[in-house]
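The values are calculated or read from the model by the stated rules, or taken from the named source; none is laboratory data. None of these values were measured; they are calculated from a predicted model. No Cβ is skipped: glycine too gets one built from the backbone with ideal geometry, and neighbour counts run over all protein chains shown. Only protein heavy atoms, including side chains, enter the accessible area calculation; ligands, DNA and RNA are left aside. Shrake-Rupley method; radii C 1.70, N 1.55, O 1.52, S 1.80 Å.
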Amino acid sequence: MAVNSKTYLILLLALCLNRGSLWAQQSRLPFEFNHIQEQQGLSFNQISCFFQDRDGYFWVGTMNGLNRFDGSSFTVFKHNPADSTSIGHNSVYGICQDQAGHIWLGTGKGISRFDQKTGRFQNFKRVHGQLLEECLNILCDRSGDLWFSGRARGLYRYQIKTNRFTSFQAEPDRPGALASNYISIVGLVEDPHRSGIWMTTLDQGVHYYDKPTGRFHNARYNPEKLPIFNTHFTSSLSLDRQGRIMYADNHDERIVLFDTQSRTIADTIGLHTPAGTSPFPIAALLMDRSGNLWISSRNRALYYRDAATRQTTELAYREDQKTSPADKFFLAAWQHPDGSVWLGTTNGISYTNPEKAFYRIHNIGALLPGINANRGINCIVKDEDGSWWLSTASQELLHYFPGTAQLQMYQNLINHLNPHFLFNSLTSLNSLIITEPKQASRFLQKLSAIYRYILQNKEKETVSLEHELTFVNHYIDLQKSRFDDGLQIRLEVPAAYLSRGIVPVTLQNLFENAIKHNVIDDENPLIIRVYVDADYLCVANTLQRKHFVGTSNQQGLDSLKSLYSYLSDQPVVITDDESQFVVKLPLL
């Protein structure tokens, strides 16, 4: 095991008294969020969309005004009934930029075009005499056309160069036509490789509009036999970091990644949380440049899926915690070039940078609340495989895997070990990490070997004396690093006896008993001998008693006697005179 003295581990510690493997619950705050709200100049806290234009301005659509952010302050645009060149409506659902640099908006009453040179808006509230009402999506494509969708009003195309509008309405009986007027919010994306538009609908699955042929490909018209088309409830359409379209199939409860070049489904992602909750149906999705998913559920909950571990956790909203997300729901999500992730919630903008976090909180506390009452964790050591070994103040050993948030508990080791052994060993290790890291690594390897032996043999009544002696050599090495020449242990067991049996960890318990009750120093060393006398294994130590032993419960030797009386007809013999203390164990 490699010990990294520069590993800083911050835990919200609490561990339960159950055995086995446990899963860490959601972190209350796996990330620290900052917030931009009305107090910082935002027109309204209910965010609906984000967009960064080619000049670097960051546009924020809210349910009460359009905001342009220059990195330090906001310019707010609101509807003025007395000014026909003001924005057409204060609810802004979508933003895009055309080839001429104009900003286009999908609003609560049609679409609007903003000329950045003149500062004026041109508003379009009717198409072919029909009121547009709410326009939930807007898209400027590569050829210069504008696409937008209304609430339950199908799809529209505006050819800016010719000033021509085209309306596409659902025609259930005509193959190659739009199959549903219910295009989901956050539901339009241009194909990155072909001349076409992808859309998600609430009741007829994914659609693809092929511009050269003028046909809609969907579950009713699928000439290429693509596996992507069905009649499911779909939503949250976007492009992932590799240019694949990504959307939520809320019927099958999976996220689908479709490669538009190969025309195949590249991946599907199920989202399973330790608590058993489901993020579906999904309102909005973002895949950041590390492949992590940021998810907003229509059930008003936020989730995060780690790309490395594939674990999904809920991002808990805490009203009393300033560094939690500002609310439980977002419709807009964007990643800044510096790596920070911006979420447009119903209570302002929350942003965090997972790539530059100074620390990460691992909240094991929701699982095992009893540890806080028992003074928590007293030592943490990082294994070479990235896992952590934890020692609790109540003498429990825990093995935590940060990557998968899995926790293994070995409370039953207390039945085999003096509880102070683990504490003393880890205290010694802590000192070595700083002063002698190479020796610390060897020390940790020995400690690991001890616990591996215990775990392998914890259910066995007996092991061979040969295995027990091999194991106890690791223990001796650890104690020598603590006491140097003050402790001398001599193993004098003939080879002929190595196949005989012994109860696992008996020698270590007897060694611990001797160390616990006697004074140890270089000038007056404690000498422990292990030898065979007739059919007994003898453990003898010189006597230099301590005047006070703080935690002795006087039950260890009695338990040993009881155990051996079950396994052997010969008794455990204990002698105590002025010069030495001897325990004689019948060989099994």
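How long is region 154-258 along each principal axis, judged by its Cα atoms, biggest number first, in Å?
41, 34, 26
Given region 63-151, report the % of alpha carbon pairs whose separation exceeds 22 Å.
Value for region 63-151: 22 percent of Cα pairs lie more than 22 Å apart.
Where does each of 303-309, 326-332 land if you order them by average Cβ count within 10 Å, highest first?
In decreasing order of mean packing, 303-309, 326-332 become 326-332, 303-309.
In the structure shown, do any of Lys117/Lys328; Lys117/Lys356; Lys117/Lys211; Lys125/Lys328; Lys480/Lys546 have a Cα-Cα gap over 29 Å, and if so which?
Lys117/Lys328; Lys117/Lys356; Lys117/Lys211; Lys125/Lys328
Name the residues whose placed amide hydrogens come within less than 5 Å of the amide hydrogen of Val532, ignoring near sequence neighbours (fewer than 5 apart) on the same chain.
Cys538
For Lys460, give me every one of the lysines with a C-alpha distance below 18 angstrom, ignoring sequence neighbours fewer than eight places off in its own chain.
Correct list for Lys460: Lys561.
Taking every pair of Cα atoms in region 193-247, average 1/r, invert it to obtain the Kirkwood radius, and report Rg/Rh to two decimals.
Ratio of gyration radius to Kirkwood radius: 0.95.
Ignoring any ligand, DNA or RNA, what whole percent of the accessible area of region 172-245 comes from carbon and sulfur when the probe is 1.4 angstrom?
It is 48 percent, rounded to a whole number.
About the Cα centre, and with charges only on the beta carbon of Lys, Arg (+1) and Asp, Glu (-1), how big is the dipole of region 187-314? Nearest 20 debye, please.
With only Lys, Arg, Asp and Glu charged at Cβ, the dipole is about 140 debye.
Per residue, how big is the convex hull of region 176-318 when only Cα atoms are used? Give it in Å³.
Measuring per residue, one finds 104 Å³ for the Cα hull of region 176-318.
Between Asp522 and Ala275, what length comes free when the chain is fully extended (0.36 nm per residue of separation minus the Cα-Cα distance, one decimal in nm)?
Between Asp522 and Ala275, full extension yields an extra 83.4 nm.
For region 64-77, in order, what is each residue's ³J(HN,Hα) by Karplus, 6.51 cos²θ - 1.76 cosθ + 1.60 with θ = phi - 60°, in whole Hz (x at glycine and Pro)?
After applying 6.51 cos²θ - 1.76 cosθ + 1.60, I find 8, x, 9, 10, 10, 10, 9, x, 9, 8, 9, 10, 10, 10 Hz.
What shape does region 89-230 take by its C-alpha gyration tensor, where a ≥ b ≥ c are the square roots of the eigenvalues and a/c under 1.5 counts as rounded, a/b above b/c as prolate, and the rest as oblate?
Because a/c hits 1.5 or more and a/b exceeds b/c, region 89-230 counts as prolate.
Nearest 0.05, what FRET efficiency do Lys225 and Asn378 give at R0 = 56 Å with Cβ-Cβ as r?
That pair, Lys225 with Asn378, gives E of 0.35.
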